[in-house]
Amino acid sequence: MEILNRQAIKQQAREFIGVDRKWLYMALACLPLTLIQGAISGGFSLVMNLSEDGEMTSSSTSTGSGFIAWLLIPFTIGMAGYFLNHLRGVNPDWKSLYREGLDNYGIYFKVGVLKEIFVTLWTLLFIIPGIIKHYEWFFVEQIIHDNPNLDPKQARDLSKRMTDGFKGDLFILDFSFFFWYMLVAITFGIALLYVTPYVQCTYAMYYENLKHNALMNGIATPDEFGIIPVYDENAEFNGEENTEQPVLYSYIERDFETNVETIVEEQVVEESNEETVEETVEAEVIEEDTETSEEISE
């Protein structure tokens, strides 16, 4: 797959979630979080509509709803990590989504809330800068999942470097899901069972592509993504530290290794066939020379 090809990424995401109806299991894992978010939003709307004394205004309702949504941010980051883990071949169980959010609640809450605050402030200042900041920090959730040791500013800075030159493409990627979201509205949310895994898996794949691009072009270092050195006991000692290896390979690297292995196997088969042909030809030549020599001697 061509690196950072938006159409190819979306196609590969559809193929990935389509295997053995994986999208259904992913959707069911996200369902509790989706229902809670929907209940909070719907509950506040109901209170606002039923309020007769005029004390609860739309602004106060919106503020309360937004605050509770902030409390769920660690679990939305856990959801981003859940799809990344699926993509990397970990096949996590549904509980891991919520367990990750709880285990890292403090740092996830800080990173997510500060991102939302800064995006909101930029949007209030000017609409366009707010949109730019939104896509500049688009992958903060995936980054902090990979390396929870980063502070909020470091996570935003890494996302900024990764998305430099790709914010417009991310905007188009988001807009390309417009009709899918229309389908969700028409089906009263039922289509979310497919749309949520599709969209989240697409984002995860795009992140993996940007991460790969950042590492290959020196935009970021492996340790920023939580990639730590792994000691290889079988490696020969040469007086230097062993090469750094990622704990979890991205799907890009895994596919690359598979392709390399396939190419090597094909080359081995071709070389084996060539050797067999050469041996056959050589045997035929020797046999012909022997027959010719016998004829001459007679």
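The values are calculated or read from the model by the stated rules, or taken from the named source; none is laboratory data. What you see is a predicted model; the values in this text were computed from it and never measured. Backbone-built Cβ (ideal geometry, glycine too); neighbour counts: all protein chains shown.
Filtered by the rule that a residue be in contact (Cβ under 8 Å) with a residue 12 or more places away in the chain and outside any helix (DSSP H, G or I), the range 182-193 gives a lone residue, Gly189.
Number of residues in the range 11-37 that are among the β-branched types (Val, Ile, Thr), touching a residue at least 24 places away in the same chain (Cβ under 8 Å) and more than 13 Å from Phe83 (Cα to Cα): the value is 2. I'd like to know if the range 73-94 contains one or more residues that are in a helix (DSSP H, G or I) and either at pLDDT below 60 or surrounded by fewer than 17 Cβ atoms within 10 Å (Cβ to Cβ) (or both). No, the range 73-94 contains no residue that is in a helix (DSSP H, G or I) and either at pLDDT below 60 or surrounded by fewer than 17 Cβ atoms within 10 Å (Cβ to Cβ) (or both). Scanning the range 162-181 for residues that are in contact (Cβ under 8 Å) with a residue 60 or more places away in the chain and over 17 Å from the mean Cα position of the chain (by Cα) gives Ile172, Ser176.
Somewhere in the range 131-145, is a residue assigned to a loop (DSSP other than H, G, I, E, B), within 16 Å of the chain's Cα centre (by Cα), of a type in the set (A, V, I, L, M) and assigned by TED's automatic domain parsing to the domain that holds Trp23? No: the range 131-145 contains no residue that is assigned to a loop (DSSP other than H, G, I, E, B), within 16 Å of the chain's Cα centre (by Cα), of a type in the set (A, V, I, L, M) and assigned by TED's automatic domain parsing to the domain that holds Trp23. Would you mind stating whether Asp169 is in a helix (DSSP H, G or I) and in contact with a helix residue (DSSP H, G or I) (Cβ under 7 Å, 6 or more places away or on another chain)? Yes, satisfied.
Residues that are surrounded by fewer than 19 Cβ atoms within 10 Å (Cβ to Cβ), within 10 Å of Glu224 (Cβ to Cβ) and in contact (Cβ under 8 Å) with a residue 24 or more places away in the chain within the range 150-161 comprise Gln154, Arg161, listed in sequence order.
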